[in-house]
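The values are calculated or read from the model by the stated rules, or taken from the named source; none is laboratory data. Bear in mind that the values here come from a model prediction, so they are computed numbers and not experimental data. Virtual Cβ from ideal backbone geometry, glycine too; neighbours counted across all protein chains shown.
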């Protein structure tokens, strides 16, 4: 509540960057034996798909300017400066101790749990497959649409092969495509910090970032589920069944 009160934006605007309902869409994975770690902190408050040191001097007092980082420069560091549409979250700057407190309280526990799950899966099964679940604004897809090509429903990001083995990405792509969803890889989202930090396919650690068009299941302006949300969730359950059948061991889900 203090966070909302301190912002010039209302609660609805602050939620515009949120991956709303993504944990609900992928919850069926738990019934299929895949552990699910879901972020509970708003993305406008702290972005867990950023490195802990991606600190923005434009929003955090006492931070020296670091080498160019496009995420930080655009206002999307670990403590975001803006939400969708480039709207400023804060009237002024946060203190460095406040930023560090958020990272200590929220970022480190999430990543400790995620790293432990990956290592346990790898030790038990000889590999770990992390599906990093997100949503993407419909307008972002329209802005990056290639002339003459249909707009994708799902973008799979494997950092152009650096974060996951080919067979892992192919199985995911096939499962989404079999459900009638249009799938592309790495454009416009190739995978951010989690894919970069945890994906080591040569060592048996595979990470694929999954971005789903929000317009397929929610009213983006209201941040509410569409009337046919349950039908889309059932379609996603079929995708998850197909994926987990192929990855019968070492599969984990992370929803943000």
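Numbers for the structure displayed
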item	result
Test: residue in segment 214-229 that is surrounded by 18 or more Cβ atoms within 10 Å (Cβ to Cβ), in contact (Cβ under 8 Å) with a residue 40 or more places away in the chain and at positive phi	no
Qualifying residue in segment 65-76 (condition: in contact with a helix residue (DSSP H, G or I) (Cβ under 8 Å, 6 or more places away or on another chain) and within 30 Å of residue 120 (Cβ to Cβ))	no
Among (1) in contact with a strand residue (DSSP E or B) (Cβ under 8 Å, 6 or more places away or on another chain); (2) surrounded by 17 or more Cβ atoms within 10 Å (Cβ to Cβ) - the single one residue 232 does not satisfy	(1)
Pairs, first under 12 Å from residue 100 (Cα atoms) in segment 53-72, second surrounded by fewer than 18 Cβ atoms within 10 Å (Cβ to Cβ) and modelled with pLDDT under 85, C-beta under 9 Å, six or more apart	53/66; 54/66; 55/66
Segment 80-102: number of residues that are touching a residue at least 24 places away in the same chain (Cβ under 8 Å) and at negative phi	15
Which listed residue, of 14, 36, is modelled with pLDDT under 90, in contact with a helix residue (DSSP H, G or I) (Cβ under 9 Å, 6 or more places away or on another chain) and either within 28 Å of residue 125 (Cα to Cα) or buried (at least 18 other Cβ atoms within 10 Å of the Cβ) (or both)	14
Test result for residue 41, without any contact (Cβ under 8 Å) to a residue 24 or more places away in the chain, touching a helix residue (DSSP H, G or I) at 6+ places or on another chain (Cβ under 7 Å) and within 29 Å of residue 225 (Cα to Cα)	no
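Per-residue answers, yes or no, for (1) modelled with pLDDT of 95 or more; (2) out of contact with any strand residue (DSSP E or B) (no Cβ under 8 Å at 6 or more places or on another chain):
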site	(1), (2)
150	no, yes
163	yes, no
176	yes, no
211	yes, no
222	no, yes
227	yes, yes
237	yes, yes
